[in-house]
Amino acid sequence: MSDSIKQQIEQLVKVHDVVLFMKGTPEFPQCGFSQRVAGILNSMQVPFTAVNVLLDNAVREGIKEYANWPTIPQLYVKGEFTGGCDIISEMHEDGELETLLAPIRMQSEDA
Amino acid sequence: MNETSLPPDCDTLAEIVRRAISGSEVEVGLFSGHDHFEMRVVSTAFAGKNRVTRHQMVYQALGDYMRTEIHALALKTLTPEEAGVNDE
């Protein structure tokens, strides 16, 4: 991937605590898996930045290389790739996601 | 090289993963259409590894299939211990 795309991605995941690379938008998701993860975050009332990879193919391909992960959606928490739909769903079910995101939600409430 | 290659079948995918990940038990099913798969892999090789790393091991095994033939893959990765606990 080009340096500029890599920088773009790095900027996004470093500046925003929770970033979801998805197909479509949270309001109009274009894929069931992306819809699922956006839905989970919304139900947890965790603010997140959504990046619609369908708008830019360079980002769509770049993010797969960046995470060494072949699919979309991809969730980043504090700059770290946390998982795709399966992993996020599992973490949500066993409470791990709440543990991970509660501090971020609290921070955003205090701000 | 044929232009309209057949989608991979469940057995093929299971075998590929079995060979790549030591001591693994693999179950593969189609959950939708011909290119949405679900796979359950149980292996001691997953011990001590987080979910992302485990999934990456499976994706690595599937290589090119992930880039082309497989549109979606629902993955469950477990150690024998974790699988045992679930079955009780």
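Tell me, yes or no, whether segment B:37-54 has at least one residue that is buried (at least 16 other Cβ atoms within 10 Å of the Cβ) and of a type in the set (F, W, Y).
Yes, because at least one residue in segment B:37-54 is buried (at least 16 other Cβ atoms within 10 Å of the Cβ) and of a type in the set (F, W, Y).
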Residue check for B:A83: in contact with a His (Cβ under 8 Å, 6 or more places away or on another chain) and open to solvent by less than 80 Å² (accessible area, probe 1.4 Å): no
Residue match in segment A:2-11 (condition: open to solvent by 30 Å² or more (accessible area, probe 1.4 Å), in contact with a strand residue (DSSP E or B) (Cβ under 9 Å, 6 or more places away or on another chain) and of a type outside the set (F, W, Y)): no
Scan of segment B:54-69 for residues that are within 13 Å of the chain's Cα centre (by Cα) and of a type outside the set (A, V, I, L, M, F, W, C), ordered by number: B:R54, B:H55, B:Q56, B:Y59, B:Q60, B:G63, B:Y65
Some residue of segment B:67-81 being farther than 22 Å from B:P8 by Cα and part of a strand (DSSP E or B): yes
Subset of segment B:20-52 (residues that are at pLDDT 90 or above and either among the acidic types (D, E) or in a helix (DSSP H, G or I) (or both)): B:A20, B:E25, B:E27, B:E38, B:T44, B:A45, B:F46, B:R51, B:V52
One residue from A:V18, A:V51 being in contact with a Phe, Trp or Tyr (Cβ under 7 Å, 6 or more places away or on another chain) and closer than 18 Å to A:E90 by Cβ: A:V18
Qualifying position, being open to solvent by 20 Å² or more (accessible area, probe 1.4 Å) and closer than 20 Å to B:A74 by Cβ, among A:F81, A:F48: A:F81
When residues of segment A:84-104 are limited to those that are more than 9 Å from every other protein chain (Cβ to nearest Cβ) and part of a loop (DSSP other than H, G, I, E, B), the one most open to solvent (accessible area, probe 1.4 Å): A:D94
Filter result (open to solvent by 60 Å² or more (accessible area, probe 1.4 Å) and on the phi < 0 side of the Ramachandran plot) within segment A:51-70: A:L54, A:L55, A:N57, A:R60, A:E61, A:E65, A:Y66
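Given the criterion assigned to a loop (DSSP other than H, G, I, E, B), modelled with pLDDT of 95 or more and touching a strand residue (DSSP E or B) at 6+ places or on another chain (Cβ under 8 Å), identify the matching residue among A:V59, A:V46.
A:V46
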Segment A:27-45: number of residues that are of a type outside the set (A, V, I, L, M, F, W, C), in contact with a helix residue (DSSP H, G or I) (Cβ under 8 Å, 6 or more places away or on another chain) and open to solvent by 40 Å² or more (accessible area, probe 1.4 Å): 3
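The values are calculated or read from the model by the stated rules, or taken from the named source; none is laboratory data. No experiment lies behind these values; they were computed from the predicted model shown. We place every Cβ from the backbone using ideal geometry, glycine too, and count neighbours over all the protein chains shown. Ligands, DNA and RNA are excluded from the accessible area calculation, which covers all protein heavy atoms including side chains. Shrake-Rupley method; radii C 1.70, N 1.55, O 1.52, S 1.80 Å.
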